[in-house]
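Notes follow once the structure below has been shown.
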């Protein structure tokens, strides 16, 4: 797998990311911010699916919990927006860990069904009338867009972009280090051969539940950021199809390769719009064909492409 | 007591819908080992075909037979063209391809036949079957069709050479190939059959949920739940699983106060997950043993 171990490439990418919002329009900046948000969520899914081999169709639920925790804290408790992220992350970690415990007994499609149930149940629970006081029911919650602090000469969109970028870099580095650590190797050992992993003394139940928790934490932070960026949460933004989008992003970016999440995030945000510009009526068909063609041409996603490119580069040099 | 009985019967009637689609899901799972997320959309597309044929003036049962045949061919074609090239790809690639298929079929149906809700005829009529009207004729017909379908499948897999060959290639592809079974074509055949079963399910469901490109979304979710609950290895289990989902959903909606009505699907799913935690292979599935 290609890794973020070439500091020059990494620094160049970060430099471009820093300059970009100064030269592009506000709406595009907003979209790029959302790409980063999706990327964080996809990293979370990748930790679970790509590195630990557990299948989830339920990550829209964690995203929703993160988003609602952030929105409710800002709306009801006047929390500063940056402070909502750790709270949302911890809430999702606990929830994910607890959900991971019964899910331990389930494998493959059965785990998929359990997580799927979670994804389908979440919007319904959020709409529930007894909870309407906190969740705003079907209408959802509107939150204010934060302004740039310290009198920085940035628009709100630009500031949010930089804020999200900072969080994204931190989360990416953490995920990268986690995967490279002893814990990460244990996660992968469980994915590759659970029985061998157990005989090496790895506590499978603990690591699987922890991975579920960490994965939910990432997705929850993404959800909280998403709520701040979009300024709005409503139950119907977090349906099963969000889970599907994240899965598509994961496959497109490359399963088991962390930087792939950025390709995946860009894919799920931009490609449906692109498909719509080809043909209004057939946008879904164009999107579907694009996914299938991509799987044919690049079965390992952006990861395989990057690997091939870097091999070509080295051969040339 | 009468309310309970009535709700159970109504649950069985809706459960039959889920059972039909669960049956199609199990067919695909048996032949290629994956859950087909596009199964519902394939059924929806077939139902639109039937609607079009009826609009062109064909009698119902002719259109029915023609649709089943066309869907079978369509299923085989999809397997040959779309899935054959990736049959060794990992699970997630399959999921992505199924999602692609789902998007394509949904969008195509909307493009060709638009998104307006259309009524779909029933061959059984809608008069109440018995005097106090627990279930109507269409629901009874639906149950009958499902039972026929199940009997047909049972006979097919038990007593015909092709059925036996399909089971063999699902069970042990390598040995099946060694005795001369064309394993690849068996998968295509399985897809065709799943598409045909889906078409029957779609045509049975359409008079109740009405015809439109998104008609199958909800049904597919219940179908999945039923298939997994019954155990993905057993067609009869899928049917029973679908029926249980229907009954549990109905009873939860009626008898659990306050949140029951709003959360009936959630409650049904929660019960299913609880059952799965107790019995991870589904109610009628056999545990899968791995050689170490």
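Just so you know, all these numbers are worked out from the coordinates, no wet-lab data involved. What you see is a predicted model, and the numbers here were worked out from it, not measured in a lab. No Cβ is skipped: glycine too gets one built from the backbone with ideal geometry, and neighbour counts run over all protein chains shown.
Taking the square roots of 5 times each eigenvalue of the Cα gyration tensor of the protein assembly as shown, largest first, gives ellipsoid semi-axes of 41, 29, 25 Å. Quick one: if the Förster radius is 22 Å, what FRET efficiency do residue B:127 and residue B:5 give, using the C-beta to C-beta distance and rounding to 0.05? The computed FRET efficiency comes out at 0.60. Listed from fewest to most Cβ neighbours within 10 Å, the set A:76, B:264, B:118 follows the order A:76, B:118, B:264. Cβ-to-Cβ counts within 10 Å put A:75, A:157, B:172, A:192 in ascending order as A:192, B:172, A:75, A:157, the fewest first.
First check a/c for chain A, with a ≥ b ≥ c the square roots of the eigenvalues of its C-alpha gyration tensor; if it is under 1.5, answer rounded, and if not, answer prolate when a/b is larger than b/c or oblate otherwise.
Note, shape of chain A comes out rounded.
One Cα centroid belongs to segment A:248-317, the other to segment A:22-73; the line between them spans 17 Å.
With both labels modelled 7 Å from their Cα along Cα-to-Cβ, the residue A:193 to residue A:14 distance reads 3.8 nm. Distance between Cα centroids, segment A:93-162 to segment B:156-184: provide it in whole Å. Computed from Cα coordinates, the inter-centre distance equals 47 Å. Summed over qualifying helices (DSSP H, 4 residues or more, each -39500 (n - 2.57)) and divided by its residue number, chain A shows a 222 nm mean residue ellipticity of -25500 deg cm²/dmol. Look at the stretch B:264-277: the mean tally of other chain Cβ atoms within 10 Å of its residues' Cβ atoms is 5. Sorted fewest first by neighbouring Cβ atoms within 10 angstrom, A:245, B:46, B:175 come out as B:175, A:245, B:46.
What does the C-alpha gyration tensor say about the overall shape of segment A:1-146? Classify as rounded when a/c is under 1.5, otherwise prolate if a/b is larger than b/c, or oblate.
It is oblate, given that a/c is not under 1.5 and a/b is not larger than b/c.
Counting, for every residue in A:99-106, the Cβ atoms of other protein chains within 10 Å of its Cβ and taking the mean gives 3. Peptide A:273-286 has a mean of 3 when you count, residue by residue, the C-beta atoms of other protein chains within 10 Å of its C-beta. Entry note, chain A: relative contact order of 34 percent, from Cα contacts under 8 Å with a spacing of 6+ residues.
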